[in-house]
Amino acid sequence: MIDRLWKARGVAVITALLLAVGCGGEGGGSDASGGGDSGPAASPVDAATAGHASGMVTFSGMAPANAEIDMSTEEVCAAKHSMTPSQETVVVGDGGGLANVFVYVKEGLESLDFPTPTQAVVLDQDGCEYMPHVLGVQTGQDYTLKNSDGILHNINASPTENRGFNVSQPVVMETNRSFPTAEIMVPLICNVHGWMNAYVGVVDHPYFSVTGADGSVSLQGLPPGDYVVEAWHELYGTLTQNITIVTGETAELSFEFNADMSAAHVPLGEPIDPMHPESHRTVDHQ
């Protein structure tokens with residue numbers, strides 16, 4: 001009798017294990033297609049016929065001084081800076097290049113469906129600053145919110161096309177999020193440290209870039225055709241340019257922002273001035 005009971009229990013355990021594996025339990029993933037892993041989706045662009053676009057984003061006139069950041073109350077973060085840190089609102093390189101400009105194809109790719117990247121983009125909180133200050137992701141792509149400081153931070157996202165969130169990170173840790181809908185731009189702030197802010201551009205294709213201090217921008221592997229490319233800056237708004245991509249050739253991109261544009265409205269999900277959230281404006285520059 002006892003032997004029969006143990007045998008029955010053994011059969012039940014084996015059956016449960018088989019069901020768990022078949023239903024995609026924690027030990028193994030399930031394939032929704034039922035036909036095995038087919039690998040990442042292919043790009044709809046034929047690389048043999050593609051062209052490119054590259055150029056510069058520059059600033060003319062007197063660049064305003066960025067506000068200094070007082071981190072005296074956060075010794076852990078202050079110790080990571082050899083000099084007094086400042087906001088990254090307007091960063092102009094020695095050659096006049098304007099940094100932290102999000103450049104992307106605004107029109108011309110509507111008929112194409114691009115695969116979602118499998119590699120996550122990282123937004124770090126290091127030295128009580130968001131790094132990078134401006135970043136881009138594709139719709140559905142994971143981005144990792146990382147706390148490298150080991151002190152309390154929170155990431156408060158205020159989009160309008162996507163669902164917002166407010167993630168608390170009290171220790172060194174990582175949290176993944178994604179946005180399913182294209183949106184220019186999504187502002188992020190840390191409510192614990194009022195000077196911390198960043199911006200995320202969400203697009204449904206891979207043709208975007210963020211300028212460094214040299215202001216250079218490059219959009220590689222575009223299919224032949226006519227496009228509208230937009231350059232977005234958090235203070236100076238947006239500029240657009242029409243380009244034509246020809247197989248094997250590189251179209252020139254050139255955007256020039258200037259100090260007079262500081263009165264512009266800036267397209268944002270929900271406009272936020274990190275020091276005075278109630279007063280930020282929003283207007284397009286064409």
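We did not get these values from a lab; they are worked out from the coordinates using the rules stated. From a predicted model like this one, the values you see are computed outputs, not experimental measurements. In this analysis, Cβ positions are derived from the backbone assuming ideal geometry, glycine residues included, and neighbour counts consider all displayed protein chains.
Which percent, to the nearest 5, of DSSP beta bridges fully inside segment 84-166 are antiparallel? Let's see the in-between values first.
Working: 5 of 10 bridges.
Here the share of antiparallel DSSP bridges comes out near 50 percent.
Counting DSSP beta bridges in segment 47-263, what percent are antiparallel, to the nearest 5? Provide the component values of the computation, followed by the final result.
Numbers: 44 of 63 bridges.
Given both bridge residues lie in segment 47-263, the antiparallel proportion sits at roughly 70 percent.
FRET efficiency for S60 and N166, Cβ-Cβ distance as r, R0 = 25 Å, nearest 0.05? Mind dumping the intermediate values first?
Numbers: r = 39 Å, r/R0 = 1.54.
Step by step, r from the Cβ atoms, then E = 0.05.
Using the Cβ atoms and a cut-off under 14 Å, what net charge is assigned to the surroundings of V105, where Lys and Arg are +1 and Asp and Glu are -1? Before the final figure, lay out the partial values.
Details: positive: K106; negative: E107, E110, D204, D226, E230.
My count for the surroundings of V105 gives -4.
How would you rank T144, T73, going from fewest to most other Cβ atoms within 10 Å of each one's own Cβ? Could you put the intermediate results ahead of the total?
On the way: T144 13, T73 9.
Least crowded to most crowded, the residues run T73, T144.
How much net charge surrounds I155 when only the other residues with a Cβ under 12 Å from the Cβ of I155 are counted, with Lys and Arg +1 and Asp and Glu -1? Present the calculation step by step, with values, prior to reporting the outcome.
Details: positive: K146, R177; negative: D124, E174.
Net local charge, I155 excluded: 0.
On the first, second and third principal axes, largest extent first, how far apart are the outermost C-alpha atoms of segment 47-263 in Å?
Principal extents (largest minus smallest coordinate, Cα): 55, 40, 28 Å.
At a 10 Å Cβ-Cβ cut-off, how would you order Y143, Y236, fewest neighbours first?
Working: Y143 20, Y236 24.
Ordered by Cβ neighbours within 10 Å, fewest first: Y143, Y236.
Quick check on segment 89-215: take the gyration tensor over C-alpha atoms, sort the square-rooted eigenvalues as a ≥ b ≥ c, and tell me if it's rounded (a/c under 1.5), prolate or oblate.
Values: a/c = 1.98, a/b = 1.22, b/c = 1.63.
Oblate shape, in that a/c is at least 1.5 and b/c is the bigger or equal ratio.
How would you order 166-174, 148-156 from highest to lowest mean count of nearby Cβ atoms within 10 Å?
Values: 166-174: 13.6, 148-156: 18.3.
Highest to lowest by the protection proxy: 148-156, 166-174.
Measure off 7 Å from each Cα along the Cα-to-Cβ vector at V246 and D260, then give the distance between these two points in nanometres to one decimal.
3.4 nm
Using the per-residue mean of other Cβ atoms lying within 10 Å as a proxy for protection, in what order, highest first, do the peptides 76-85, 116-125, 212-221 fall? Walk me through the intermediate numbers first.
Values: 76-85: 13.0, 116-125: 15.3, 212-221: 17.7.
By packing density, highest mean first, the sequence is 212-221, 116-125, 76-85.
How much net charge surrounds Y130 when only the other residues with a Cβ under 11 Å from the Cβ of Y130 are counted, with Lys and Arg +1 and Asp and Glu -1? Please list the in-between numbers first.
Numbers: positive: K146; negative: E88, D124, D126, E129.
Every neighbour counted, the sum reads -3.
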